[in-house]
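Asks: Take a look at the following structure, please.
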Amino acid sequence: MDLAILAKELYTPLDRIEHPVLLIQEGVIESIVTLAEREVPKARRVLDLGDSTLVPGFIDMHIHGGAGRDIMDTAPDALPAVERLLYAHGVTTYFPTTITAPMDRTLQSLEHLGQAIERAAESQELRARPVGIHLEGPFISHARPGVHPQADLQLPSLPLFEKMWEASRGTVKVITIAPELPGARELVSEATRRGVCVSMGHSDADLAQAQAGVDAGVRHATHTFNAMRPLDHRNPGIIGETLTDKRISAEIIADGIHVDPVVVRLFLRAKGAEGAVLVTDATAATGMPNGRYMLGSLEVEVKDGKCLRDGRLAGSVLTMDKAVRNIVKFANWDLKDAVRLATLNPARTTGLPGNTGQLIAGAPADIVALNPAGEVVKTIVRGQAA
Ligand SMILES: [Zn+2]
């Protein structure tokens with residue numbers, strides 16, 4: 001039945017609406033008015049969310065797993081487990097993110113994810129929906145691999161990209177590459193031509209190489225500061241380019257571990273409410289106790305909020321609702337602006353259609369209700385709520 005949702009306030013996230021009445025029809029937002037302007041139509045089921053704030057469903061464009069499962073795991077119960085955990089933390093849309101692995105393993109995963117993405121478009125289930133793949137690796141730098149296995153890294157190659165593209169049924173929407181590698185420019189242009197958001201990361205690029213990447217079509221930066229040539233005031237490199245070029249948006253892992261809160265604040269001043277994008281880079285260990293978990297084909301160890309392999313950070317256990325709260329805490333930002341970094345910005349960066357990432361008429365009814373502490377009270381996917 002069509003739904004009317006009442007709450008204390010709503011962030012579109014560009015605007016704030018007090019005492020909203022949000023009307024939903026067939027999974028789409030029909031209209032948003034304030035209670036003062038209009039009564040709730042009688043024929044509607046009413047969901048009164050009291051002193052909650054309604055915001056768009058969160059979008060995570062960089063996530064590897066959760067609830068003990070890795071997104072490259074092709075077992076039928078793996079993705080649904082991850083998606084239920086995401087849903088519980090307010091994520092309605094996500095981009096399953098691969099890590100570098102042997103090519104046959106990668107192709108199997110891409111095929112599986114491509115099918116899951118096609119099926120999700122029709123799904124009525126209460127869990128986050130995969131909408132496109134983020135290919136993290138294999139076209140990344142041997143100098144900045146993080147935990148990606150060196151033996152499986154590849155130089156940018158159009159035939160290899162074509163193979164992965166076909167396996168995924170054209171569902172790759174984001175690719176992280178190191179722009180300084182030979183062949184990167186051709187791959188950046190071809191991926192861009194196919195509507196893929198090309199992101200620079202796992203890169204040792206100097207300033208000129210990073211700028212050349214952006215000139216060729218790079219539009220985003222992957223987990224800024226992590227797995228990048230460090231910022232030096234006389235050799236600003238890829239981070240100098242990322243922080244200062246308005247043509248690109250940039251990810252930050254705001255768990256307080258991957259990047260110090262002071263540097264998160266600096267990053268937010270540089271990229272602003274328009275250019276910063278929150279990602280979790282979450283692994284299978286998210287939502288789980290300390291222990292050993294898989295990340296792609298690697299085993300990682302999680303202890304007290306840190307996810308490590310051989311002493312190196314290997315993804316996070318961050319959830320998106322926590323990331324949003326951390327932005328408020330680390331930088332003293334408004335919740336409204338923090339929400340934008342997890343909704344409208346990733347939607348724009350990845351080119352999601354249909355006003356996804358906003359609460360406006362005509363947009364999908366993907367909605368999160370937050371309590372005054374910024375915690376998730378309820379998540380609504382395409383007008384469906386638990
Ligand atoms: Zn990652």
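The values are calculated or read from the model by the stated rules, or taken from the named source; none is laboratory data. Here the structure is a predicted model, which is why all the values come from computation and not from measurement. Positions of Cβ are backbone-derived with ideal geometry, glycine not excepted, and every protein chain shown enters the neighbour counts. Heavy atoms of the whole protein, side chains included, go into the accessibility calculation; ligands, DNA and RNA do not. Shrake-Rupley method; radii C 1.70, N 1.55, O 1.52, S 1.80 Å.
Asks: Quick check for you: with a 1.4 Å probe and neighbouring chains kept, what is the accessible area per residue of the chain, in Å²? Before the final figure, lay out the partial values.
Replies: Details: 15090 Å² over 386 residues.
In whole numbers, the chain has 39 Å² accessible per residue.
Asks: Beyond 23 Å between alpha-carbons counts as too far, so tell me which of K322/K378; K306/K378; K8/K42; K173/K378 fall in that bin.
Replies: Listed pairs above 23 Å: K306/K378; K173/K378.
Asks: Could you state the per residue volume, in Å³, of the convex hull enclosing the Cα atoms of segment 86-209?
Replies: 113
Asks: Which one of A81, A121, A338 has the biggest mean-square fluctuation once the chain is modelled by GNM with Cα springs under 10 Å?
Replies: Answer for the Gaussian network model of the chain: A121.
Asks: Measure off, as a whole percent, the carbon and sulfur share of the 1.4 Å-probe accessible area of segment 178-332, all protein chains present.
Replies: Carbon and sulfur together cover 49 percent of it.
Asks: If you don't mind, there's one more thing I want to ask. Taking 35 Å as R0, compute the FRET efficiency from the Cβ-Cβ separation of N235 and L158 and round it to 0.05.
Replies: Once rounded, the FRET efficiency stands at 0.65.
Asks: Search the structure for amide H atoms under 5 Å from the amide H of S31, placed 1.01 Å from N in the peptide plane, and list their residues when 5 or more places away or on another chain.
Replies: L23
Asks: Related question: Just the Kirkwood number for segment 315-362, please: inverse of mean 1/r across all distinct Cα pairs, in Å, one decimal. Provide the component values of the computation, followed by the final result.
Replies: Working: mean 1/r = 0.0854 Å⁻¹.
Hydrodynamic radius (Kirkwood, Cα only) of segment 315-362 equals 11.7 Å.
Asks: Each residue of segment 299-308 in turn: what ³J(HN,Hα) in whole Hz from Karplus with 6.51, -1.76, 1.60 and θ = phi - 60°, glycine and Pro shown as x?
Replies: Per-residue couplings from phi come out as 9, 10, 10, 10, 9, 6, x, 10, 10, 10 Hz.
Asks: Let me ask you something else. Where nothing but the Cβ of Lys and Arg (+1) and of Asp and Glu (-1) is charged, how large is the charge dipole of segment 39-83 around its Cα centre, in debye to the nearest 20?
Replies: 280
Asks: Follow-up. Mind listing the Cα extents of segment 251-386 along all three principal axes, in Å, largest one first?
Replies: Dimensions of segment 251-386 along the principal axes of its Cα atoms: 49, 36, 31 Å.
Asks: Step through the residues of segment 10-26 one at a time and calculate ³J(HN,Hα) from phi using the Karplus curve (6.51 cos²θ - 1.76 cosθ + 1.60, θ = phi - 60°), rounding each to whole Hz and writing x for Gly and Pro.
Replies: Listing the rounded values in order: 9, 10, 6, x, 6, 10, 10, 10, 8, 6, x, 10, 9, 9, 10, 9, 6 Hz.
Asks: Between segment 91-155 and segment 270-289, what is the C-alpha centre distance in whole Å?
Replies: Taking the Cα centre of each part, segment 91-155 and segment 270-289 sit 16 Å apart.
Asks: Based on Cα coordinates alone, diagonalise the gyration tensor for segment 180-281, multiply each eigenvalue by 5, take square roots, and list the semi-axes in whole Å, largest first.
Replies: Gyration-tensor ellipsoid for segment 180-281: 22, 15, 12 Å.
Asks: Using only Cα atoms and rounding to the nearest 10 degrees, what angle (0 to 90) does helix 184-193 make with the longest principal axis of the chain?
Replies: For 184-193 against the chain, the angle is about 30 degrees.
Asks: Need one number: nm distance between label points at E299 and Q115, each 7 Å from Cα along Cα→Cβ, rounded to one decimal.
Replies: 2.9
Asks: Something else now. Translational diffusion coefficient of segment 226-285 at 4 °C, 1.567 mPa s, Stokes-Einstein with Kirkwood Rh over Cα pairs, in µm²/s as a whole number.
Replies: Approximately 106 µm²/s, per Stokes-Einstein.
Asks: Further question on the same structure: Quote to one decimal, in nm, the extra length available between E122 and N332 on full extension: 0.36 nm per residue of separation minus the C-alpha distance between them.
Replies: 71.6 nm
Asks: Amide H neighbours of Q358 under 5 Å, counting only residues 5+ apart in sequence or on other chains, H built in-plane at 1.01 Å?
Replies: none
Asks: Here is a further query. May I have the extent of the alpha carbons of the chain along their three principal axes, as whole Å values ordered from largest to smallest?
Replies: Largest to smallest, the principal-axis extents are 63, 46, 43 Å.
Asks: So, one more: Taking 7 Å along the Cα-to-C-beta vector as the label spot, tell me the T34-N290 distance in nanometres, rounded to one decimal.
Replies: 5.1
Asks: 5 Å is the cut-off here: which amide hydrogens, built 1.01 Å from N in the peptide plane, fall below it relative to C307, excluding neighbours closer than 5 in sequence?
Replies: A314
Asks: With θ set to phi - 60°, apply the Karplus curve 6.51 cos²θ - 1.76 cosθ + 1.60 along segment 48-65 and write out the HN-Hα couplings as whole Hz, x wherever there is a Gly or Pro.
Replies: Result, rounded to whole Hz: 9, 9, x, 8, 6, 10, 8, 9, x, x, 6, 10, 10, 8, 8, 8, 9, x.
Asks: Can you tell me the alpha carbon radius of gyration of segment 170-210 divided by the globular rule-of-thumb value 2.2 N^0.38 Å?
Replies: Against the compact-globule rule of thumb, the ratio is 1.13.
Asks: Between G357, G66, G305, which gets the highest mean-square fluctuation from a Gaussian network model of the chain, Cα cutoff 10 Å?
Replies: Comparing G357, G66, G305 in the GNM, the peak value goes to G305.
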